[in-house]
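What follows is a short report on a single structure.
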């Protein structure tokens, strides 16, 4: 083969390579690249959604815990000094597993308000009746209401309120319902709350115990 023939053959090979390079990506290569990019985007988006949901759940849980503790603090603060109503009624009016009614001077005006904590389905509410007239009386139609919390799970799981007599030693069983109200000396509050009902229910239990100061005897 002459030098001229070798040169021509080399030029032809270079031209073939150049023609191949000029063709760019094939359709299959483009589709494959798009599919891989799509999978990467789906994975990243799913990760971001999971992070967002986790952060929201954590935030809701922290807020729920703080709200639950605030509710318990208020209940304990109002229950502890419970005393006879301004009309002479016994300090505790009603003591059930999902509600309690008692008299306490919650606004420090020297008069006892009739306070009712009660559960309606998953909503914890508070009712207040101020005494009026002379002699003082409590008119049911004048009760005002406050919604304290939602997503309360006690109705299907455990008693919101448990009651104990003067034999309570930390591990005693609560008084059986219906409770003999004059025997009540201590109230245990069990607040079971679900921070995020849209997820699998993982309710958290917050508890507190309050001794009724004005009813204690040998406790």
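The values are calculated or read from the model by the stated rules, or taken from the named source; none is laboratory data. Computed from a predicted structure; not experimentally measured. Virtual Cβ from ideal backbone geometry, glycine too; neighbours counted across all protein chains shown.
Things to note:
- Inside the stretch 161-173, residues that are within 29 Å of the chain's Cα centre (by Cα) and at pLDDT below 95 make up a count of 4.
- Checklist (1) surrounded by 15 or more Cβ atoms within 10 Å (Cβ to Cβ); (2) closer than 21 Å to residue 96 by Cβ; (3) at pLDDT 95 or above applied to residue 193, failing item: (3)
- Any chance residue 83 is closer than 14 Å to residue 212 by Cβ and exposed (fewer than 13 other Cβ atoms within 10 Å of the Cβ): no
- Test result for residue 121, crowded, with 20+ Cβ neighbours inside 10 Å and closer than 21 Å to residue 153 by Cα: no
- Residues of the stretch 95-107 satisfying the condition of being touching a helix residue (DSSP H, G or I) at 6+ places or on another chain (Cβ under 9 Å) and within 18 Å of residue 154 (Cα to Cα): 95, 97, 98, 100
- From 82, 96, 70, residue being under 31 Å from the mean Cα position of the chain (by Cα) and modelled with pLDDT under 95: 70
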